[in-house]
Amino acid sequence: MARVAIVTGGTRGIGEAISLALKAQGRTVVANYAGNDERAKRFSAAHGIPIYKWDVGDHEACQDGCRRVSEEVGDVDIVVNNAGITRDGTLHKMTFDDWNEVMRINLGGCFNMAKACFPGMRERGWGRIVNIGSINGQAGQYGQVNYAAAKSGIHGFTKALAQEGARVGVTVNAIAPGYIDTDMVAAVPEPVLEKIVAKIPVGRLGQAEEIARGVAFLTSDEAGFVTGSTMSINGGQHMY
Ligand code: CAA
């Protein structure tokens with residue numbers, strides 16, 4: 001039977017590409033989303049991938065949502081923690097709410113989803129968790145103390161959980177995307193983005209599919225010896 005994968009934030013941007021790549025690999029994919037109903041319905045209709053709406057920053061909602069997926073689709077073998085938001089601003093302008101929301105969703109979401117799905121993977125002796133970090137969690141970024149802290153936290157979370165999963169067949173890895181051509185990056189003011197792109201050795205933004213291919217590898221049956229790692233896919237912008 002095909003393994004079941006949940007992709008959080010799986011109906012748009014990088015998440016959409018990941019959902020499609022895992023489906024192409026023969027997984028039974030479920031896409032979680034939190035906000036944009038219209039986009040999610042269009043995505044589901046176009047690709048035949050079921051959608052489940054909940055906020056990954058909400059612990060109880062993750063418990064309920066993952067339980068529903070297990071009952072309606074099957075035991076969850078693969079979790080891709082991709083859902084994330086930005087609330088950019090320099091520290092002196094950033095509000096506590098900007099800080100808290102980014103930590104709650106980007107980092108808290110990884111804990112909440114792992115808490116809901118890791119115990120079952122442990123019991124069944126097979127699992128794959130991939131957490132989407134960021135170049136900005138590795139290198140920092142002006143105007144992103146919240147996002148950089150949350151993404152940096154994801155890299156620590158990954159290495160710690162990888163140690164817990166190693167003996168029970170569960171691998172836990174991270175991907176650190178650079179600047180990818182998505183709505184999130186399109187929201188960066190044009191002159192700022194131009195300067196960023198000028199610093200990417202490959203000379204362009206990345207494509208969502210280039211991240212998805214990394215996730216497909218890390219969640220494959222053949223990648224059982226890869227755990228606790230961070231795959232940087234950033235066009236050479238940060239060689240870590
Ligand atoms: N280093 C040093 N100084 C910088 C700087 C930098 N990287 N960027 C801007 N500054 C300076 C500016 O030159 C300016 O100085 P002057 O007033 O002397 O000219 C000052 O800081 C204020 O800059 P802004 O006008 O940009 O300030 P703002 O308050 O209007 O905007 C900001 C601040 C919202 C953070 C804006 O700079 C911005 O959006 N930056 C981009 C942040 C970014 O890269 N976000 C990534 C989003 S995508 C993502 O996160 C996905 C991923 O994982 C990669």
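What follows draws every value from the coordinates through simple rules; no lab data is involved. In this text the structure is predicted, and so the values were computed from the model without any measurement. With ideal geometry, Cβ positions are generated from the backbone for all residues, glycine too; neighbour counts draw on all protein chains shown.
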Note to self: Yes or no: segment 32-48 includes at least one residue that is under 20 Å from residue 127 (Cβ atoms) and of a type outside the set (D, E, K, R).
What the structure shows: yes
Notebook entry, point to check: For segment 154-184, which residues satisfy the criterion of being of a type in the set (S, T, N, Q) and either under 29 Å from residue 201 (Cα atoms) or touching a Gly at 6+ places or on another chain (Cβ under 6 Å) (or both)?
Noted result: 158, 173, 182
Margin query: Report every pair of residues separated by at least 6 positions or lying on different chains whose Cβ atoms are under 6 Å apart, first residue within segment 189-200 and at negative phi, second more than 10 Å from the ligand (Cβ to nearest atom).
Written below: 200/235
Notebook entry, point to check: Looking at (1) crowded, with 17+ Cβ neighbours inside 10 Å; (2) away from the ligand (no atom under 13 Å from the Cβ), which is the one condition that is false for residue 123?
Noted result: (1)
Notebook entry, point to check: Tell me, which residue of segment 142-200 that is polar (S, T, N, Q) and either surrounded by fewer than 22 Cβ atoms within 10 Å (Cβ to Cβ) or within 12 Å of the ligand (Cβ to nearest atom) (or both) is nearest to residue 212 (Cα to Cα)?
Noted result: 182
Notebook entry, point to check: Identify, please: which residue in segment 201-214 is part of a helix (DSSP H, G or I) and either of a type outside the set (A, V, I, L, M) or within 10 Å of the ligand (Cβ to nearest atom) (or both) and is, among those, surrounded by the most Cβ atoms within 10 Å (Cβ to Cβ)?
Noted result: 214
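When you look at residue 176, is it part of a helix (DSSP H, G or I) and either touching a strand residue (DSSP E or B) at 6+ places or on another chain (Cβ under 7 Å) or hydrophobic (A, V, I, L, M, F, W, C) (or both), yes or no?
It is false that residue 176 is part of a helix (DSSP H, G or I) and either touching a strand residue (DSSP E or B) at 6+ places or on another chain (Cβ under 7 Å) or hydrophobic (A, V, I, L, M, F, W, C) (or both).
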Notebook entry, point to check: For segment 65-84, does any single residue satisfy the condition of being of a type outside the set (Val, Ile, Thr) and assigned to a strand (DSSP E or B)?
Noted result: yes
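Would you pick out the residues in segment 1-29 that are small (Gly, Ala, Ser), part of a loop (DSSP other than H, G, I, E, B) and over 18 Å from residue 40 (Cβ atoms)?
Of everything in segment 1-29, those that are small (Gly, Ala, Ser), part of a loop (DSSP other than H, G, I, E, B) and over 18 Å from residue 40 (Cβ atoms) turn out to be 2, 26.
Conditions tested, residue by residue: (1) of a type in the set (Ser, Thr, Tyr); (2) assigned to a helix (DSSP H, G or I); (3) surrounded by 15 or more Cβ atoms within 10 Å (Cβ to Cβ).
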{"position": "100", "(1), (2), (3)": "no, yes, no"}
{"position": "111", "(1), (2), (3)": "no, yes, yes"}
{"position": "114", "(1), (2), (3)": "no, yes, yes"}
{"position": "128", "(1), (2), (3)": "no, no, yes"}
Margin query: So, in segment 70-84, how many residues would count as being buried (at least 20 other Cβ atoms within 10 Å of the Cβ) and either closer than 15 Å to residue 10 by Cβ or among the small types (Gly, Ala, Ser) (or both)?
Written below: 8
Notebook entry, point to check: Would you pick out the residues in segment 215-240 that are free of Cβ contacts under 8 Å to residues at least 24 places away in the same chain and part of a loop (DSSP other than H, G, I, E, B)?
Noted result: 225, 239
Note to self: Going through 77, 58 one at a time, which residue ends up being of a type in the set (Asp, Glu), touching a residue at least 24 places away in the same chain (Cβ under 8 Å), farther than 12 Å from residue 7 by Cβ and touching a strand residue (DSSP E or B) at 6+ places or on another chain (Cβ under 6 Å)?
What the structure shows: 77
Checklist line | Flag for residue 143 being among the small types (Gly, Ala, Ser) and touching a Phe, Trp or Tyr at 6+ places or on another chain (Cβ under 9 Å) | finding: no
Check: Is it the case that segment 138-146 has a residue that's under 19 Å from residue 10 (Cβ atoms) and touching a residue at least 40 places away in the same chain (Cβ under 8 Å)?
Finding: no
Next item on the list: Report yes if residue 39 is of a type in the set (Lys, Arg), crowded, with 20+ Cβ neighbours inside 10 Å and not in a loop (DSSP other than H, G, I, E, B), otherwise no.
Entry: no
Item checked: Residue check for residue 27: touching a Lys or Arg at 6+ places or on another chain (Cβ under 7 Å) and away from the ligand (no atom under 16 Å from the Cβ) -> yes
